[in-house]
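Scroll down for the structure; my scribbles are underneath it.
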Amino acid sequence: MELRGKNVPRLREVDDIERATAKKARESWHVLTIMAEFIESTERLSELRPAVSIFGSARTKPDDPHYALCIDIARRLSDAGFAVISGGGPGIMEAANKGAFDGASPSVGLNIELPHEQHGNGWQDISLSFRHFFARKVAFVKYADAYVVLPGGFGTLDELTEALTLMQTGKSRLMPVILVGSKFWAGLMEWIRTRLVDDGMISAKDLDLLQVIDDPAEVVVAVQKFYDARQKKPADPEDTERQTGMYL
């Protein structure tokens with residue numbers, strides 16, 4: 001392909017060989033650290049299922065009603081046999097780990113190193129530490145059988161839309177995505193219906209990927225019902241899902 005005389009430098013063509021070599025060494029080491037995070041998460045989490053990933057704001061305080069609600073949901077899921085995966089930090093993440101820690105199934109924290117805000121909570125049976133957001137995000141999706149999403153900010157919205165995109169495009173298996181806090185999510189749901197659907201940005205059937213449930217017991221019922229139905233499918237859905245998960 002002709003580049004129309006544009007100068008497109010390549011690493012091997014730079015004038016400063018020492019600088020190029022140092023840069024290649026740094027990038028190679030960076031790739032190895034990424035691989036290490038994927039390997040560790042596979043070793044620690046691949047046999048964890050069934051599991052549910054819970055998301056929400058790191059800024060939610062213990063006296064916030066959503067904090068207590070999250071503890072209740074996580075405890076119920078844990079006692080129902082689902083490991084609970086959170087971001088391992090404060091706020092809703094802490095509430096999720098705290099509820100699961102007191103339950104029958106493992107409490108998992110996928111901690112991320114941040115310059116501020118994030119610090120690991122003390123209610124984790126399994127604790128992993130990530131430097132790279134994308135490796136952590138893969139772990140959230142790959143090892144979960146459902147997403148439970150409480151009120152949160154950009155990070156919560158990022159995880160929510162990432163999961164919906166992966167399912168919509170067939171890059172991830174289908175799983176329940178449950179929004180908890182109907183008042184908080186009402187505006188977003190209305191915008192999705194009146195802008196994304198009406199403007200043809202998504203299909204009306206894509207709305208079926210989302211559920212809004214406030215009652216903790218009903219959250220567990222929805223997750224359990226979906227999981228039980230999938231386990232009753234013929235053939236080997238687990239193997240099919242595992243292959244799909246390789247291409248997240």
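The values are calculated or read from the model by the stated rules, or taken from the named source; none is laboratory data. All values derive from a computational prediction rather than experimental measurement. Note: ideal-geometry Cβ built from the backbone for every residue, glycine included; neighbour counts use all protein chains shown. For the accessible areas, the whole protein counts, side chains as well, though only heavy atoms, and no ligand, DNA or RNA atoms are used. Shrake-Rupley method; radii C 1.70, N 1.55, O 1.52, S 1.80 Å.
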The chain, relative contact order in percent, only Cα pairs under 8 angstrom and at least six apart counted: 17 percent
Segment Ala229-Lys205, length gained on full extension (0.36 nm per residue, minus Cα span): 6.6 nm
For region 78-178, accessible area per residue (1.4 Å probe, heavy atoms of protein chains only), Å²: 35 Å²
Gyration tensor (alpha-carbon) shape descriptor, region 13-87, a/c threshold 1.5: oblate
Accessible-area ranking of Thr194, Thr21, largest first, probe 1.4 Å: Thr21, Thr194
Rough spin-label spacing in nm, given labels placed 7 Å along Cα→Cβ, for Ser129 and Trp29: 1.7 nm
Loop-located trypsin sites (Lys or Arg not before Pro) in region 159-224, at most 16 other Cβ atoms within 10 Å (DSSP): Lys171
Set Lys142/Lys233; Lys6/Lys171; Lys98/Lys232; Lys24/Lys171; Lys98/Lys171; Lys61/Lys171 screened for pairs whose C-alpha atoms are more than 28 Å apart: Lys6/Lys171; Lys98/Lys232; Lys24/Lys171; Lys98/Lys171; Lys61/Lys171
Separation in nanometres of the label points that stand 7 Å from Cα toward Cβ, at Leu48 and Thr169: 2.4 nm
Ranking by accessible area, most exposed first, for Trp29, Trp191 with a 1.4 Å probe: Trp29, Trp191
Peptide ranges 210-219, 50-59, 105-114 listed from the most packed, as the mean C-beta count within 10 angstrom indicates: 50-59, 105-114, 210-219
